Amino acid sequence: MNHHSLVCGITALLMMLTAACQPSTETRFDSEPEVRVLLINTLEGFELTAPGPVTITDKSTGAAIDSDTGIADAGIRDNVLEDEDAASTPLVFRLDGDVITVTRAGEELVAGRRLMLSAESEFIIADVPYGINWWWGGTEDRSYDGELHVHVNSGGDLEAVLHLPMEEYLKGVIPYEIGPESPLQALKAQAVAARAEIVQTLLTGKYRGEHHDVCAEVECQVFAGNHRRTARSDSAVTLTRGEVLMFGEEVIDAYYASNCGGMSERVEKVWPWRGGPKPYLIALPDTDRREINPGQNTRGSGSGENSHAEHDSRASGRGADLIDPQTDIVAWLDNPPESWCNPYIHTNLPEWSKANFRWERRIGDDEFEPEFRGLDSLEIVERGESGRLHRVRAWRGGEAQELDFELAIRQMVHPPLRSSAFTWSRVDGDWLFRGAGWGHGVGMCQSGAISQAWQGYGYDRILQHYFPGTRLERLYE
């Protein structure tokens with residue numbers, strides 16, 4: 001499936017699931033819930049190694065497989081891959097017709113449509129894809145704890161799904177989402193937000209698939225196992241165990257993004273299909289000063305014309321007094337706001353943040369998706385309060401194609417643009433995009449949370465800044 005078809009398919013699926021994504025009235029758990037995470041669904045097979053005993057069970061028969069001998073016996077539960085040579089030899093899981101075969105050193109051990117692997121210690125899957133269809137995408141070896149379930153789904157594809165307790169799941173999310181080197185209070189804020197998000201996911205089924213609750217990619221929240229875990233990132237999860245954010249009697253949608261560029265965006269503008277406005281997911285400047293000055297002109301709402309001048313305000317990091325990015329996006333880009341995510345002011349922000357607060361990207365025609373190559377012009381239909389474009393018309397050959405949500409606008413080019421808060425100009429036949437921020441801009445700005453933590457703010461205050469009117473509550477002990 002090509003990239004655009006995949007995007008359209010995902011969009012259609014999200015639209016169909018709108019009704020299923022309404023919050024449940026049940027917001028408590030008797031105990032820590034299990035999470036089923038989709039690790040792999042784009043490969044025909046993968047290799048797995050484990051340093052200790054491994055049991056593979058054919059779930060259709062209940063028989064456990066001794067992967068050292070290939071003998072099936074429901075009573076086998078240990079002494080698998082005992083010797084050093086066996087432990088270092090990969091198990092190869094491969095889709096073969098309508099079943100999954102498991103081989104080691106060319107010898108078939110088991111074949112079935114529903115296999116479960118359990119290990120006494122962590123196991124490693126080689127070359128796991130990540131960042132699929134994004135500019136940072138690639139593959140890497142990743143280590144995991146938990147039960148691995150390998151299925152053939154109803155579409156005939158191989159799926160590898162990890163089952164593990166929620167708190168262990170979060171320990172594989174936090175260091176990848178905000179960086180393990182972040183200060184503890186920012187890590188704790190991230191842990192609470194990520195926990196609220198996975199609880200909402202379990203309650204509403206908004207990412208649920210045939211065999212999984214959530215994916216491991218950025219469209220859900222990034223889960224990458226044990227590789228980047230540290231004592232500090234684990235502590236952030238442990239110290240906030242069971243804590244989520246509540247609004248009224250419901251667990252909130254605690255969305256977050258890498259860098260808001262200086263202002264957050266309303267949830268209903270970014271995802272029109274996700275239940276409408278939320279009083280805690282609104283457009284606010286990323287500063288303790290929450291008033292903005294309306295722009296005096298609308299240069300940012302027309303052709304996309306922009307200035308390339310580096311103003312003195314950018315060099316100092318202190319822009320004009322909270323310019324309104326909706327009505328004057330050019331001035332807002334040229335005069336970066338005095339915000340928590342501004343690296344010109346908060347110089348201890350990590351490099352990934354500094355590179356994304358303000359950015360430029362020059363795009364040749366061949367970098368556009370096929371249906372946008374030869375683009376004549378872009379017409380702005382709606383720009384949100386954060387400066388993000390939510391509706392545009394892309395004109396080509398006298399005909400217009402309307403894009404009606406921010407991710408679709410970013411995905412006109414490949415890899416996608418970092419945010420939809422941008423202007424553009426034409427340079428020698430290319431398109432020059434100038435923008436702010438990385439991500440959708442809804443909810444918590446991870447860069448701003450890091451700056452606030454360095455400033456001495458506690459995680460509760462950080463969360464109140466990004467999710468106003470919410471409260472912390474523990475769902476389970």
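Pairing residues of region 396-410 that are in contact (Cβ under 8 Å) with a residue 40 or more places away in the chain and of a type in the set (Asp, Glu) with residues that are surrounded by 11 or more Cβ atoms within 10 Å (Cβ to Cβ) and part of a helix (DSSP H, G or I), at Cβ distances under 8 Å and at least 6 apart in sequence or on separate chains, gives Glu406/Lys269; Glu406/Val270. For region 175-215, the set of residues classified as in contact (Cβ under 8 Å) with a residue 40 or more places away in the chain, assigned to a helix (DSSP H, G or I) and of a type in the set (Val, Ile, Thr) consists of Ile178, Val192, Ile198, Val199, Thr204, listed by residue number. If I filter region 112-131 for residues that are basic (Lys, Arg) and surrounded by 17 or more Cβ atoms within 10 Å (Cβ to Cβ), do I get at least one hit? Looking through region 112-131, none of the residues is basic (Lys, Arg) and surrounded by 17 or more Cβ atoms within 10 Å (Cβ to Cβ).
For (1) over 30 Å from His465 (Cβ atoms); (2) surrounded by fewer than 21 Cβ atoms within 10 Å (Cβ to Cβ), each residue gets a yes or a no:
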{"position": "Arg142", "(1), (2)": "yes, no"}
{"position": "Ser154", "(1), (2)": "yes, yes"}
{"position": "Ala194", "(1), (2)": "no, no"}
{"position": "Gln200", "(1), (2)": "no, no"}
{"position": "Arg208", "(1), (2)": "yes, yes"}
{"position": "Val218", "(1), (2)": "no, yes"}
{"position": "Gln221", "(1), (2)": "no, no"}
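None of the figures in this text is laboratory data; all of them are computed from the coordinates on show. For clarity, every value in this text was computed on a predicted model and none was experimentally measured. Cβ sites come from the backbone with ideal geometry, for glycine too, and all protein chains shown count toward neighbours.
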